[in-house]
1. I'm checking my understanding of the structure. Among residues of the range 64-85 that are part of a loop (DSSP other than H, G, I, E, B) and basic (K, R), which one is nearest to V130 (Cα to Cα)?
2. Checking the condition over 20 Å from K58 (Cβ atoms) and among the small types (G, A, S), which residue from A148, A126, A165 passes?
3. Can you find a residue that is exposed (fewer than 13 other Cβ atoms within 10 Å of the Cβ), touching a helix residue (DSSP H, G or I) at 6+ places or on another chain (Cβ under 9 Å) and modelled with pLDDT under 95 anywhere in the range 128-141?
4. Could you tell me which numbered condition Y111 fails, if it satisfies all but one of (1) surrounded by fewer than 18 Cβ atoms within 10 Å (Cβ to Cβ); (2) touching a residue at least 60 places away in the same chain (Cβ under 8 Å)?
5. Can you name every residue in the range 76-92 that is crowded, with 18+ Cβ neighbours inside 10 Å and of a type outside the set (D, E, K, R)?
Amino acid sequence: MKRLFSIVLPRRARRSAGYARLFFGPILLVFLVVFGAVAEEQVEKKVDRKIAVVTHLKNTTTSLTRSELSRMFTKKKTTWPNGKRCIPIDQLGDSKIRARFSTQVLRKSVYQMTRYWMQETMTGNAKPPVSLESAATVKKYIQKLEGAVGYIYADEVDDSIRVLAVLDPSGALRGMVKKESSMEVDEPPPAGSGAKIQ
């Protein structure tokens, strides 16, 4: 089908359009670069959020080593020093906090832990910890069970739960709260403070 007519811009208009592209193009590019850098910085800040291991307010244990915590979450250790049953609480497998906790504390990926629990379940040794979808749900669960232990971001901690100090002689636990408290803290507790799991 033949074109019945066409619009031809005057030479001056075409020249003005070219100038506009030359002027606004670099400005748009700078804007996209700056905006991308800001967005990336915000993502990095979220990644740097500390993880707090939390428990019931009445739990008398104040600190755990990474190894002890790992044994709890793999159910190789099932009781606290006071004899109460230990109830580990995971977060959902596709969450970033679950991936970080698995890598840092359990020294395995979420995928490796899934395979581990499949084997444990098939052999009848143990079932995986319950997985909850948010920090709010974890806190509610812990408030009801004195033996519960879970993990959330430190900025989500409130006075309804208590933070357990997580100690690691190797110093490999980065981004974990290392002092017992009900709020976010950074410094390690003094040597010999608090009960320890045998």
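The values are calculated or read from the model by the stated rules, or taken from the named source; none is laboratory data. Predicted model only: the values in this text are computed from it and were never measured. Note: ideal-geometry Cβ built from the backbone for every residue, glycine included; neighbour counts use all protein chains shown.
1. Selected residue: K75.
2. Going through A148, A126, A165 in turn, the sole match is A126.
3. No, the range 128-141 contains no residue that is exposed (fewer than 13 other Cβ atoms within 10 Å of the Cβ), touching a helix residue (DSSP H, G or I) at 6+ places or on another chain (Cβ under 9 Å) and modelled with pLDDT under 95.
4. (2)
5. Let us first name the residues in the range 76-92 that are crowded, with 18+ Cβ neighbours inside 10 Å, namely 77, 80, 86-91.
Selection gives W80, C86, I87, P88, I89, Q91.
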